[in-house]
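Notes to accompany the following structure.
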Amino acid sequence: MLIGGQMIPGDAATAPLVSVNPADGRVNHEVAAAGTDAIDRAVRDAAQAATQRSWREMLPPQRARILSRIADLMERDGENLAKLQMIENGKVWSECTAQVKSAAATFRYYAGVCETTGSELTPSRGAYLSMTVYEPYGVVGAITPWNSPLTMEAQKVAPALAGGNAIVLKPSEITPSTGLALGQIALEAGLPPGLLNVVPGTGQQAGAALVEHPLVRMVSFTGGTESGRRIAQVAARKLMSVGLELGGKSPHIVFDDADLDEAVEAVAGGIFEGSGQSCVAGSRMFVQRTVYDAVMRKLVDVACSLRVDMPDVPGAQMGPMATFAHRDRVEAMVESARAEGAQIIAGGSRPQGERLAGGAFYQPTVIAGIDNSARIAQQEIFGPVLCMLPFDSEEDLVAQANGTAYGLAAGIWTADYRRGWRVARALEAGTVWINTYKQLSISTPFGGFKESGLGREKGITGMRLYQQPKSIYLGMPRG
């Protein structure tokens, strides 16, 4: 673990985390797991570091210089960071290297935000000057998921540091190593010790202790909706601020006037990239009935042509699921849908052959013959499983697309931009793409409606998430 600027061993009473490569089932390494005592030490070290004048009074250009240096060092160590992610969660090499670049760009972006975003003068209504300044919370608890640890850790650590906080980062027990590497890079970049502590551990023990700790003033969490709900309950009791980026069941919509080949390629990428382990995966495909059969044929062809392979093989398009347990869960959900009458028109099984038999692989899967009320269409699968659903009218579409508890993202394909705009405004989703999908910018706020979360990451809003506004009035004598 990384606490107070030092790599320290775990408590002998807490079993270490065993990292398993999902591509072949082999053990990568063991990592110390934080118990409640380690969490307490990390939080107290962070609280002490957050109150140091050298950090609280550090000028924005100086803080920005550290963030920029972190970005430089991430790029320098990019191959190692990409490999750590690949062997722990099975993402293909091309995705891992792209995510290193994205994570470094996040630190560089928040260096700019830190240096250029100022306080605000507010319109006075009397003999005074009024302004709003933004103060850090102090200690932020950041809990990140296993599907994209490189980018998720950067999206929390960079803006929280830019906002003047200290952070205790609990990476997923599945992917602990990139967070530890980031912590060491931050120290090398000149971040004062204690401002970024990294404490791998389980959600039940380390995560719960971090959220409950009385010195933690804000928690940022990305993960499942049920875990987010439990964090929100604790936050309500503590009257603590939270940022929650949770689950999704995103609709991907194809109208009959769309470029069908382009739309099908985007739909396939939106659900099968990362083996479908993405919060914004377009897992429900709504197709206008007049082109439903044609789109189905095209989509099956694309799904069956995707190369499922070891993640380090050049040209691999899908690697394994992140864990064997998660593969089994996805597999069970597909089998349950099959038993309830769903048609599996592509995939629906593990790949054949001995070469991939030792890994947590699952084929790109397309399901038809269901309606939007089916369990498989309502539950977040978090795997390479697409549900195809027809629609007849715009009104019918909007009702179905909004007919889940989630509201994270959506995609629309149409040649009529007036219709695209109209439907985008009607959809209950935090992000809507029109004639594109999964385009994400660190400068644009991201978050969900309904049970997909609270608050917004990214953009200037992403730094303000980790700050609290303070109003200051200066009396101005008359005359």
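Structure values in brief
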item	result
Cα-based reach from K156 at 12 Å (exclusive), listing aspartates and glutamates while leaving out same-chain residues under 8 positions away	E245, E457
Order of R478, R425, R289 under a 10 Å beta carbon neighbour criterion, fewest first	R478, R425, R289
Extended-chain gain in nm, criterion 0.36 nm per residue less alpha-carbon gap, D396 and R229	57.1 nm
Positive-end residue of Q363, Q155, A166, charge dipole of the chain with Cβ unit charges	A166
Point-to-point label distance, K450-S124, nm (Cα→Cβ direction, 7 Å offset)	4.8 nm
Fraction of antiparallel bridges per DSSP, the chain only, in percent to nearest 5	40 percent
Net lengthening on full extension, D259/R425 (0.36 nm per residue, minus Cα-Cα)	57.6 nm
Note, ³J(HN,Hα) from phi for the range 208-219, Karplus 6.51, -1.76, 1.60, rounded to Hz, x at Gly and Pro	5, 5, 5, 5, 7, 4, x, 8, 7, 9, 7, 10
Neighbour-count order for I143, I412, I66, fewest beta carbons within 10 angstrom listed first	I66, I143, I412
Label-point gap, in nm, between V18 and A339 - each point 7 angstrom along Cα→Cβ	2.9 nm
Relative contact order (%) - the range 251-434, alpha-carbon pairs under 8 angstrom, separation at least six	28 percent
Ascending count of other beta-carbon atoms within 10 Å, so fewest first, for S452, S336, S275	S336, S452, S275
Dipole of the range 251-434 [Lys/Arg +1, Asp/Glu -1 at C-beta], most positive-end residue of A263, V432, Q288	V432
Relative contact order, percent, the chain [alpha-carbon distance under 8 Å, six or more residues apart]	19 percent
Distance between modelled label sites at K238 and N28, nm, 7 Å Cα→Cβ extension	2.8 nm
Helix 225-238 axis, angle to the chain major axis (alpha carbon atoms, nearest 10°)	20 degrees
Gained length - Y417 relative to R307, 0.36 nm times residue gap less alpha-carbon distance	36.2 nm
Where a label projected 7 Å from the Cα of E188 along Cα→Cβ would reach, residues of the range 66-82 with amide N under 13 Å	69-82
Helix axis angle, 60-76 relative to the chain longest principal axis, alpha carbon, degrees	40 degrees
Amide hydrogen neighbours beyond the local backbone of H252, cut-off 5 Å, H modeled	R284, M285, F286, G411
Reported label for calculated Kirkwood radius over Cα pairs in Å given (i) 25.4; (ii) 23.3; (iii) 22.5	(ii)
Packing rank of 86-92, 326-332, where each peptide gets the mean count of other beta carbons within 10 Å, highest leading	86-92, 326-332
Exceeding the 22 Å Cα-Cα cut-off - candidates K101/K458; K450/K470; K91/K438; K83/K170; K238/K458; K249/K438	K450/K470; K238/K458
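No lab work stands behind these numbers, since they all come straight from the coordinates. Computed from a predicted structure; not experimentally measured. Please note: Cβ atoms are built from the backbone with ideal geometry, for glycine as well, and neighbour counts cover all protein chains shown.
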